[in-house]
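Where a number appears in this text, it was derived from the coordinates with a stated rule and is not lab data. Fair warning: this is a prediction, and the values are worked out from it, not measured in the lab. Using ideal geometry, Cβ is built from the backbone for each residue, glycine included, and neighbour counts are taken over all protein chains shown.
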């Protein structure tokens, strides 16, 4: 999508609705088809991230007879018997249920990809996007098949049929309904696919949050959130006024937006402007020409010159920062976080205390199920963390000096799955709109200018976060092409000012029970959903000393 928008912007198409000065020559149907393709991909990614890439950090596969890959990652010796209750708190019955959900999620990922393939030619790696829209013809057959996969033939987005994408995602109240109906009886677990509050992704993510509630205070970054905006025709009623389902902008706090009256923006909201994105390579294995005097480069003048072994460097990732001289804490090169949490924060759909306001005011007060955290308040913005140093016989983290800011490990998981719920429901609305557009034009074409220099940029949101492509075309040929991807924002090393990237900041100070079993670090790291094709870095211990090993992974192997 970013590539299609990038080239489209250079060719003069209005690819960023309400942002470009060009006439709106991409049809509404073209935008809608793009939204359906991209929305199905986004939901598929969120399913995979939670179940296949993160959920296994919170359960003990050996307890349910699955002590083998991929259910039991090999990151060192297992925990001792004494420390087991600290690492693994979810009862075996719930672990068994979650492993079944792990497998079932693959089915619904496939159904999401089937929708993407109906409109994009194939999925993943969709082929149906063009600078001027989408190549797909709108047919009633594609609409009907997509609706059946999304919510069934007799259901709708509010009451989906069992075995559909929306039924599996569930509702934010599912876990609360289970506690109210059963008193948290783990012998009365949800039945997968029974159409009630059971067997849903939103049930599962809230359950993980209740069992590991201290992670609301672990993995905090800078409380700076960046979004480029996505789903250009997704929501004409968006109170932020840009018609997107998920708006473009920045937010400098994890707290809820203050009250505002459209078209005015909330005081915590700030615009996102492409010319303010710059990159540093101070601690990266890349070099800039005249780097001593030009430490920051905008992508249109960016350079990517690999420099293995560069002194003082420790990453194959560059350090993108947003230029903002008005930021009260981090001016002028601000380390913004990208991703589902950032999008939901900017759009006003998530904030520190959202789960509390949704009815989850405390961990269920059932010590036999939820252990030392039973009855502990679910935090609101600014709430100080618990002291858990004596909660388990082998110790625990003292979080009493950390204020909750909504930028934590658990917030990234919760916001991502709530976003899946939002997008899946919007997919139903977009398909309804396409119902009346069978046969409509979805794409227009325009030749590349044969002479002159033309610049373009394509801003969108990948599942992992803000994705930007920049292009320079000279005399009909591509002269420069630069990308700044979500994992570059999040996994960036220290920049020219010495400030760490968001994920590095989030890792600092994590309490680790044992270096031989660092599950705490994995839980925080996996909340970012790093792109393995960007760069892989390993630190191993050799002869009692740390030995840094840096690997650049070729994306063609992914």
| request: Pull out a ≥ b ≥ c, the square roots of the eigenvalues of the alpha-carbon gyration tensor of region 207-287, then state rounded if a/c is under 1.5, prolate if not and a/b is larger than b/c, and oblate in the remaining case. | output: oblate
| query | Assuming R0 = 45 Å, what is the FRET efficiency of residue 435 and residue 515, from their Cβ-Cβ distance, to the nearest 0.05? | reply | 0.20
| task | Calculate for the chain the 222 nm mean residue ellipticity that helices alone would give, adding -39,500 (n - 2.57) per DSSP H run of length 4 or more and normalising by residue count, nearest 500 deg cm²/dmol. | result | -9000 deg cm²/dmol
| remark: For the residue 82, residue 425 Cβ pair and Förster radius 35 Å, calculated FRET efficiency rounded to 0.05 is 0.15
| query | Could you give the nm distance between label points at residue 67 and residue 497, where each point is 7 Å from its Cα heading toward the beta carbon? | reply | 5.0
| request: Within 10 Å of each residue's Cβ, count the other Cβ atoms and sort 409, 483, 531 from fewest upward. | output: 483, 531, 409
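Share of antiparallel DSSP beta bridges in the chain, in percent to the nearest 5?
Of those bridges, close to 95 percent are antiparallel.
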| Which log10 I(q)/I(0) values, to two decimals, does the chain give at q = 0.10, 0.11, 0.13 Å⁻¹ under the Debye formula with one point per Cα? | -0.86, -1.05, -1.46
| Based on the Cα coordinates of region 115-179, what is the per residue volume of their convex hull in Å³? | 119
| Between residue 186 and residue 393, what is the label-to-label distance in nm when each label sits 7 Å out along the Cα-to-Cβ direction? | 1.8
| Could you give the length gained on full extension between residue 403 and residue 261, defined as 0.36 nm per residue of separation minus the Cα-Cα distance, in nm? | 48.2 nm
| note | With bins of 10 Å, the percent of all Cα-Cα pairs of region 474-530 per bin from 0 is 19, 35, 24, 12, 7, 3
| task | Just rank 511, 269, fewest to most, by other beta-carbon atoms within 10 angstrom. | result | 511, 269
| message | Considering all alpha-carbon pairs of region 170-309, what whole percent are spaced by more than 25 angstrom? | response | 60
| Intensity falloff of region 279-388 expressed as log10 I(q)/I(0), Debye formula with alpha-carbon point scatterers, at q = 0.11, 0.18 Å⁻¹ | -0.63, -0.95
